[in-house]
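What follows is a set of notes on a single structure, which appears directly below.
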Amino acid sequence: MGANDQVITLKTPVEIELMHHANQIVAGALHLLRENSKEGVSTYTLDKLAEEYCRDHNAIPAFKGYNGFPASLCASVNEEVVHGIPSKSKILHDGDIVSLDFGTLFQGFYGDAAITVPVGEIPESIRELLEVTKSALMLGIAQAKIGNRISDISKAVQVHCEAHGFSVVRQFVGHGIGSRLHEPPEIPNYVQRQASPRLLEGMVLAIEPMVNLGGAKVKILRDQWTVVTADRKPSAHFEHSVAITQNGPFILSEYTSA
């Protein structure tokens, strides 16, 4: 049974506030990781920083052990799209990009967000890839309003990315989030033919464009986790957890320095 065939849970204001707290821990961890994603640093070091930050803020790393995933952080470098496993031997170099995807569990509710950051100086084409992917996320979030459909989010992402000559990954999608890390509905980054669910107050969505410099096709490596572009060209990934409210989209994972 697909996610769109299952019941979509609506969150109460109290639950959304708990999810806001969970996602603020994610946002703080990602801010820390951005500052530490420098030449010579291993993705293993980043993983440990994220886990320590999470536990220091009374939350549990959501990904560690999830379906057997061996780390707290997904760290995906260059042509790796998502689900890269941190390693002491995976060292960041000048000119790399690294996607950092992190989740938390706080008082029964999940947070989930991702950023892609440059290491040192990167080529202009890859800088544009990052900027377009991030702006596609924000355009998708702008459609996360009561009465719209999931497909309105998908269309905003797909149109923006393809207008800039990039391709969106189709094998992996965004998702609902709440008391489970992955809940219905699925949120594709492209428009599907079938009707998609209408957005209701209290839905919380993890919207996450995965966008490739080259073609859309991806492969899963032998470790059964790491997803790479089939043509080995770079990929970018940005994600926010967003609540649907009467006042419009509420970005739960938006970083605030307070």
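List every DSSP H helix in the chain whose Cα atoms extend 15 Å or more along the helix's own long axis and whose mean Kyte-Doolittle hydropathy is at least 0.0.
On the way: long enough: 13-36 (34 Å, 0.12); 43-56 (20 Å, -1.04); 124-142 (27 Å, 0.65); 150-163 (20 Å, 0.31).
Within the chain the helices that satisfy the rule are 13-36, 124-142, 150-163.
Anything over 23 Å Cα to Cα? Flag those among K88/K134; K90/K233; K38/K134; K11/K64, in the order listed. Intermediate results must be reported in sequence, preceding the final value.
Numbers: K88/K134 28 Å; K90/K233 18 Å; K38/K134 20 Å; K11/K64 25 Å.
Those over the limit are K88/K134; K11/K64.
Report ³J(HN,Hα) in whole Hz for each residue of the range 94-103, in order, from the Karplus equation J = 6.51 cos²θ - 1.76 cosθ + 1.60 where θ = phi - 60°; Gly and Pro get x.
So the Karplus estimates, Gly and Pro as x, are 4, x, 6, 10, 9, 8, 10, 10, 9, x Hz.
At a Förster distance of 35 Å, what's the computed FRET efficiency of N67 paired with E39, Cβ-Cβ distance as r, to 0.05?
Numbers: r = 32 Å, r/R0 = 0.92.
Here the calculated transfer efficiency is 0.60.
For the chain, what is the calculated [θ] at 222 nm in deg cm²/dmol (nearest 500), taking -39500 (n - 2.57) for each run of four or more DSSP H residues and dividing by its residue count?
Numbers: 4 runs with 71 residues, N = 258.
Helix contribution divided over all residues of the chain: -9500 deg cm²/dmol.
Put +1 on the Cβ of each Lys and Arg and -1 on the Cβ of each Asp and Glu in the chain; which of P86, I220, N247 then has its Cα farthest toward the positive end of the dipole?
In the chain, that residue is I220.
Once fully extended, how much extra length lies between N148 and S89, figured as 0.36 nm per residue of separation less the alpha-carbon to alpha-carbon distance?
Values: separation 59, 0.36 × 59 = 21.24 nm, distance 4.53 nm.
So the extension gain works out to 16.7 nm.
Which residue, chosen from G120, S135, N148, occupies the Cα position most advanced towards the positive end of the dipole of the range 3-251, where the dipole is computed from +1 (Lys, Arg) and -1 (Asp, Glu) charges on Cβ about the Cα centre?
N148
Per q in 0.07, 0.09 1/Å, what log10 I(q)/I(0) does a Debye calculation on the alpha-carbon atoms of the range 3-251 return?
-0.21, -0.35
Have a look at V169, V81, V41 and tell me which one the Gaussian network model of the chain (Cα, springs below 10 Å) gives the largest fluctuation.
Checking each option, the largest mean-square fluctuation is seen for V41.
Using unit Cβ charges (K, R positive; D, E negative) and no other charged atoms, how large, in debye to the nearest 20, is the dipole of the range 3-251 about its Cα centre? If you can, show how the numbers build up before the last one.
Values: 22 positive and 28 negative charges, 108 e Å.
Charge dipole of the range 3-251: 520 debye, to the nearest 20.
Using a Gaussian network model on the chain with a 10 Å cutoff between Cα atoms, which of E186, E15, E121 fluctuates the most?
Comparing E186, E15, E121 in the GNM, the peak value goes to E121.
Once fully extended, how much extra length lies between I220 and R198, figured as 0.36 nm per residue of separation less the alpha-carbon to alpha-carbon distance? Don't skip to the end; give the middle numbers.
On the way: separation 22, 0.36 × 22 = 7.92 nm, distance 3.18 nm.
Stretched fully, the I220-R198 segment lengthens by 4.7 nm.
Starting from the Cα of T12, move 7 Å in the Cα-to-Cβ direction to define the label point; list residues of the range 153-188 whose amide nitrogen is under 16 Å from there.
Within reach of a label on T12, which here means backbone N under 16 Å from a point 7 Å along Cα→Cβ, the range 153-188 contributes 179.
Read-outs throughout are calculated quantities, based only on the coordinates presented, and are distinct from any laboratory measurement. These numbers come from a predicted model, not from an experiment. Neighbour counts run over all protein chains shown; Cβ positions are idealised from the backbone, glycine included.
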